[in-house]
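The values are calculated or read from the model by the stated rules, or taken from the named source; none is laboratory data. Keep in mind that what you see is a predicted model, and the values were worked out from it rather than measured. Heads up, the Cβs are rebuilt from the backbone with ideal geometry, glycines too, and the neighbour counts pull from every protein chain shown.
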Amino acid sequence: MKQYRDHYFKRAKKENYPARSVYKLQELNKRFNILQKGQKILDLGAAPGSWTLFAAKKVGDKGHVLGVDIQSTETEFPANVTYLQADVFEDSPELLGAMEPHLPFDLIISDMAPKTTGVKFTDQARSLELCERARDLLPRRLKQGGNFVVKIFEGPDVKEYRESLNTIFSKVKIFKPKSSRAESKEIFVVGLGFQGGEG
């Protein structure tokens, strides 16, 4: 188990990514082909920046990634990235100003997780709340036909959450990356082909 963790940890260091989570996004992209040249992407809960860096590489010079997190990061980003330390759920002038040139986004990705307590049901409930808030941003932020990726902790509420996305996306898939730790309860819900409307 430790060896398994070390493999992704070491690989991330070697490839200059701040965290092993980058490989989850790589797997998601390989499976669903969500990252394209020239896209505008909003990355929720972006710190320390691995997803933002990988997405920036994929969208290229003509694309742009806006990474937002309540935490700061030491990561250095390329020119096609804006990193903002802010609460993505609060429409501050700074956040709205950073979003304005890129709206609506082609893709919104979220690797957000709550501060865990170790109490399974509490953690699941907090994870669900973050996912619901991310979903509620979509009508104002995601373009028609756009895609959405969100991390959620497995639990009884996942089914209902997925159903809420079924009403606003052409397809909704559940995916567990191989690079997630085996003991981890995280899975990813992928909404493809945004049709607009409320969740």
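Assorted remarks:
- Pick from region 51-69, criterion free of Cβ contacts under 8 Å to residues at least 24 places away in the same chain and assigned to a loop (DSSP other than H, G, I, E, B), ranking: nearest to residue 30 (Cα to Cα): 60
- Selected residue (criterion: farthest from residue 152 (Cα to Cα)) from residues of region 102-126 that are part of a helix (DSSP H, G or I) and in contact with a Ser or Thr (Cβ under 9 Å, 6 or more places away or on another chain): 102
- Within region 15-48, the set of residues being closer than 17 Å to residue 146 by Cα, assigned to a loop (DSSP other than H, G, I, E, B) and under 13 Å from the mean Cα position of the chain (by Cα) comprises 34, 35.
- Taking each residue of region 25-50 that is under 23 Å from residue 133 (Cβ atoms) and looking for partners that are part of a loop (DSSP other than H, G, I, E, B) and among the acidic types (Asp, Glu) with beta-carbon atoms closer than 7 Å, six or more apart or interchain, yields 45/111.
- Within region 166-199, the only residue that satisfies the criterion of being buried (at least 16 other Cβ atoms within 10 Å of the Cβ), farther than 24 Å from residue 52 by Cα and not small (Gly, Ala, Ser) is 168.
- Selection of first residues in region 93-118 that are aromatic (Phe, Trp, Tyr) and of second residues that are surrounded by 10 or more Cβ atoms within 10 Å (Cβ to Cβ), restricted to Cβ pairs under 7 Å at least 6 apart or on distinct chains, gives the following pairs, ordered by first then second residue: 105/40; 105/41; 105/42; 105/141; 105/142; 105/143; 105/146.
- Test: residue in region 144-155 that is without any contact (Cβ under 8 Å) to a residue 24 or more places away in the chain and of a type outside the set (A, V, I, L, M, F, W, C): no
- Checklist (1) more than 16 Å from the chain's Cα centre (by Cα); (2) more than 20 Å from residue 15 (Cβ to Cβ); (3) part of a loop (DSSP other than H, G, I, E, B); (4) modelled with pLDDT of 95 or more applied to residue 87, failing item: (1)
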